[in-house]
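Okay, structure first, notes after.
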Ligand SMILES: [Zn+2]
């Protein structure tokens, strides 16, 4: 089974510089099933790179086991990877323009719908192929203005026709968790279990059009648009995987993540072999509105009162915010019974900063509109 490495140049942003996206393909181009895996779209979130290193070593050791096509982009954001300011990597936001690298992916629905008008028939698999090709044409029609928009186009081109596309991120100090769409539940259940996810959050539109939603949104929208013809609701198992926290970059964690990914690839048929029984899922999926973002009401030092993985009851103190000058301590309390999923890494908050995440069971009434963190 073949392995090919493709270097895709990004349009230059300035004289005398060049950047490229490197895509590593196992198996034959166009073979099914197709899996797509990328890491570090937020360039300072590194655990996915080491997990994919472990996965690729396994694939390199037994390439004949690959049955479909597996496309891996281990460094999905070479722009952010190079943004260093006095030793700090600024990987989440584009320093030219300020945009979050995992927002503003294109919604291809309208462009694909125009191409598909009058072409769909009674055969769902034929419609699926037509719709994938329409999405591909819609991506090619994009005229990216900036290097970051060109990067988004390239990542969409590589992934839009995949049967599974995983975007490997991490939180700050966090348990393993997964974001995906309700259209993929329970289809993503085995993935979540194989990865050992402590929580799964579901939303069709979390606000801002992150990468994984750009791969799922057109399908449910096209299905509604062409309601008289059969189209699958979610043919691409797309999700954002949060591989614990930023500092969880070690071979043991990465090997565990890679083993979960390997079993997932086996279950979908992209790699030969038995994945074994699906492990138990730690916690049922919940709506993304059930994930509470706890915010600091005042600026100050964050004194954490509970560790990630703790169960808290509504009203329990998660962190105190300490005013180092007045000696005042303001408690930040859980607003629901739930699991402490993450803490922020920097132990100092500006007023309004998200300092922790607690996942409950029910949607919180004020979690509306843009559901992802604003920074
Ligand atoms: Zn991220």
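Residues 193, 188, 203: which one is assigned by TED's automatic domain parsing to the domain that holds residue 265, surrounded by 23 or more Cβ atoms within 10 Å (Cβ to Cβ) and touching a residue at least 40 places away in the same chain (Cβ under 8 Å)?
Answer to the check: 188.
From the list 79, 46, 90, 115, pick out the single residue that is without any contact (Cβ under 8 Å) to a residue 60 or more places away in the chain, under 20 Å from residue 211 (Cβ atoms) and in the same structural domain as residue 234 (by TED's automatic domain parsing).
Only one candidate qualifies: 90.
Mind telling me which of the residues 27, 16 ends up being surrounded by 18 or more Cβ atoms within 10 Å (Cβ to Cβ) and either more than 16 Å from the ligand (Cβ to nearest atom) or not assigned by TED's automatic domain parsing to the domain that holds residue 83 (or both)? If you could, list the steps in order and put the result at the bottom.
On the way: 16 fails: surrounded by 18 or more Cβ atoms within 10 Å (Cβ to Cβ).
The conditions single out 27.
Name the residues in the stretch 241-273 that are more than 20 Å from residue 175 (Cα to Cα), out of contact with any helix residue (DSSP H, G or I) (no Cβ under 7 Å at 6 or more places or on another chain) and outside any helix (DSSP H, G or I), would you?
Correct list: 269, 270.
Mind checking which residues of the stretch 259-282 are touching a residue at least 12 places away in the same chain (Cβ under 8 Å) and exposed (fewer than 14 other Cβ atoms within 10 Å of the Cβ)?
Matches in the stretch 259-282: 269, 272, 273, 276, 280.
With the structure loaded, tell me whether residue 282 is within 16 Å of the ligand (Cβ to nearest atom) and either under 18 Å from the mean Cα position of the chain (by Cα) or not in a strand (DSSP E or B) (or both) or whether it fails that test. Talk me through it step by step, then tell me what you get.
Numbers: within 16 Å of the ligand (Cβ to nearest atom): no; either under 18 Å from the mean Cα position of the chain (by Cα) or not in a strand (DSSP E or B) (or both): yes.
It is false that residue 282 is within 16 Å of the ligand (Cβ to nearest atom) and either under 18 Å from the mean Cα position of the chain (by Cα) or not in a strand (DSSP E or B) (or both).
Which residues, taken from the stretch 241-258, are surrounded by fewer than 22 Cβ atoms within 10 Å (Cβ to Cβ), away from the ligand (no atom under 16 Å from the Cβ) and in contact (Cβ under 8 Å) with a residue 60 or more places away in the chain?
250, 251, 253, 255, 256, 258
Restricting the stretch 35-58 to residues that are surrounded by 23 or more Cβ atoms within 10 Å (Cβ to Cβ) and away from the ligand (no atom under 16 Å from the Cβ), which is nearest to residue 195 (Cα to Cα)?
Restricting to residues being surrounded by 23 or more Cβ atoms within 10 Å (Cβ to Cβ) and away from the ligand (no atom under 16 Å from the Cβ), the top hit is 55.
Any residue at all in the stretch 220-240 that is in the same structural domain as residue 106 (by TED's automatic domain parsing), assigned to a loop (DSSP other than H, G, I, E, B), within 16 Å of the ligand (Cβ to nearest atom) and surrounded by fewer than 22 Cβ atoms within 10 Å (Cβ to Cβ)? Break it down into steps so the answer makes sense when it comes.
To start, the set of residues in the stretch 220-240 that are in the same structural domain as residue 106 (by TED's automatic domain parsing) comprises 220-240.
Then keep just the ones that are assigned to a loop (DSSP other than H, G, I, E, B); that gives 226-236.
Restricting the remaining residues to those that are within 16 Å of the ligand (Cβ to nearest atom) gives none.
No, the stretch 220-240 has no match at all.
Just give me the residues in the stretch 51-80 being more than 19 Å from residue 241 (Cβ to Cβ) and under 21 Å from the mean Cα position of the chain (by Cα), in sequence order.
69, 78, 79
Scan the stretch 337-368 residue by residue and report those that are surrounded by 15 or more Cβ atoms within 10 Å (Cβ to Cβ), touching a helix residue (DSSP H, G or I) at 6+ places or on another chain (Cβ under 8 Å) and over 16 Å from residue 284 (Cα atoms).
364, 367
Determine which member of the set 65, 76 is away from the ligand (no atom under 16 Å from the Cβ) and at pLDDT 95 or above.
Answer to the check: 65.
The values are calculated or read from the model by the stated rules, or taken from the named source; none is laboratory data. Quantities reported herein were computed from a predicted structural model and do not represent experimental measurements. With ideal geometry, Cβ positions are generated from the backbone for all residues, glycine too; neighbour counts draw on all protein chains shown.
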